[in-house]
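What follows is one structure encoded as structure tokens, with my remarks underneath.
Derivation of every value follows stated rules applied to the coordinates shown; laboratory data play no part. This one's a predicted model, so the numbers in the text were calculated from it and none came from an experiment. Please note: Cβ atoms are built from the backbone with ideal geometry, for glycine as well, and neighbour counts cover all protein chains shown.
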Amino acid sequence: MVITIFLSSLLASMAIGIPIAYALLLSGIALMAHLDLFDAQIIAQNLINGANSFALMAVPFFLLAGEIMNTGGLSRRIVNIAMALLGHIKGGLGYVAILAGCLIAALSGSAVADAAALSALLLPMMVKAGYDKSTSAGLIAASGCIAPIIPPSIGFIVFGVAGGLSITKLFLAGIVPGILIGLGLAFAWWLKIRNSSMIMPPKRSRAELRSALADGIWAMMLPVIIIVGLRFGVFTPTEAAVVAVVYSLFVSICVYKEMSLHDLYEVLNSTIKTSAIVMFLIASALVSAWMITIADIPGSLISLLEPFMDHPLLLTAVIIGLVIVVGTSMDMIPVILILTPVLLPVVKEAGVDPIYFGVLFIVACSISLITPPVGSVLTVVRGVAKIGMDDMLKGVFPFILAQLTILLLMIIFPWLVTVPAQWFTG
């Protein structure tokens, strides 16, 4: 009964156009009313506690770092390095998009920001070189979705806070899966273009390659600093976010000299607006999460899933499939906030490693960013490419299949995630 009340109140609120943050509040209040526990003070207290988290401070700082990197020239130099390395081979610009997607993912952690930067920088070049526009846009959108998987990841931060897990372990566990997704996209791109004819730019000379590496070394050092710092316990994820902001600001203003005070004002203004939306959403979700715990919805769900509890692999596959389906109609952060308090106790009860499950969860959410009807990354890239949704879906479909294949392999062979995660976390 409590599951029905929670879902019906949440879905009904969303169906009539209520913003998700308020829909989460209303679903929590509906559960309170059903259990005769309504108290305005509890709502206010959980709202405050929802945002009052040291770990969550990483979210606005990583958002700010991503904005600074795109404005200050760091992202452009990452793309230039990828161009110097791979631009001359057949289909090279597609491999550049994938490599740049992996590298920029290690700078910002925001799929939408990365996809916007990649599409603005690479899509005109790919079209000019004779690449199919819809396929190129689809590849760039899929490459942008690597951002929530490779650290630093805003998705992992929110999942860690919602599930009470180590964000550092989630960060480090996401490195290899993110690389595997990139390799899957590269294979799908190779299959797509192997018989195509396209214009290939001349191979860069060694001097040009050295110049690109020297120009981009400051940008390349940031992911190294973050990953090494996390691996050896030099700083926490929140402190890593502050380091990312200070470093990117210094490089943008003092080294590359591409950011003015006016640019900084615009960057801060954009970050504040985005952060306010995300933090209020998280705070609202805590009210629902508290009521989910009080109403013992995970216990009810465990009873419903009893036939799967003795088969962890099958249970994991069913749950991840559910996450993908829900993600098609909702953005990543709401999916994390709604489903994590419900599903994490279930997988723990079944003996599934919660860090491993967290990686699968975020990969599934990332794939949902390029699936209709919501597909926020899909919408951003389609806007830059100026193509219809039908063409966009046709272009991205092979790469969705590639990502789903890698996700399925990680479910069937958990060691693809757990073994590298154990090595990185020591």
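Points to keep in mind about this one:
- J(HN,Hα) series, the range 169-176, from Karplus relation 6.51 cos²θ - 1.76 cosθ + 1.60, nearest Hz, glycine and proline x: 5, 5, 4, 5, 6, x, 5, 5
- Order of Asp390, Asp132 - criterion: other Cβ atoms within 10 Å of each residue's Cβ, fewest first: Asp390, Asp132
- The H on the amide N of Ser329, modeled in the peptide plane, is under 5 Å from the matching H of no residue at least 5 residues off or on a different chain.
- Ascending count of other beta-carbon atoms within 10 Å, so fewest first, for Ser376, Ser119: Ser376, Ser119
- Gyration tensor (alpha-carbon) shape descriptor, the range 198-330, a/c threshold 1.5: prolate
- 3J(HN,Hα) along the range 357-367, derived from phi through the Karplus expression 6.51 cos²θ - 1.76 cosθ + 1.60 where θ = phi - 60°, amounts to 4, x, 5, 4, 4, 5, 4, 4, 5, 5, 4 Hz, with x in place of Gly and Pro.
- 0 to 90° range, to nearest 10: angle between helix 312-327 axis and the chain longest Cα axis: 80
- Entry note, the chain: the mean residue ellipticity at 222 nm calculated from DSSP H runs of n ≥ 4, each adding -39500 (n - 2.57), is -25000 deg cm²/dmol after division by the residues and rounding to the nearest 500.
- Using θ = phi - 60° and Karplus 6.51 cos²θ - 1.76 cosθ + 1.60, couplings along the range 231-246 (whole Hz; Gly, Pro as x): 4, 9, x, 5, 8, 7, x, 5, 5, 4, 5, 5, 4, 4, 5, 4
- Cα-based helix-to-principal-axis angle, 40-51 vs the chain, degrees rounded to 10: 20
- Rounded to the nearest 10 degrees, the inclination of helix 20-34 to the longest alpha-carbon principal axis of the chain is 10 degrees.
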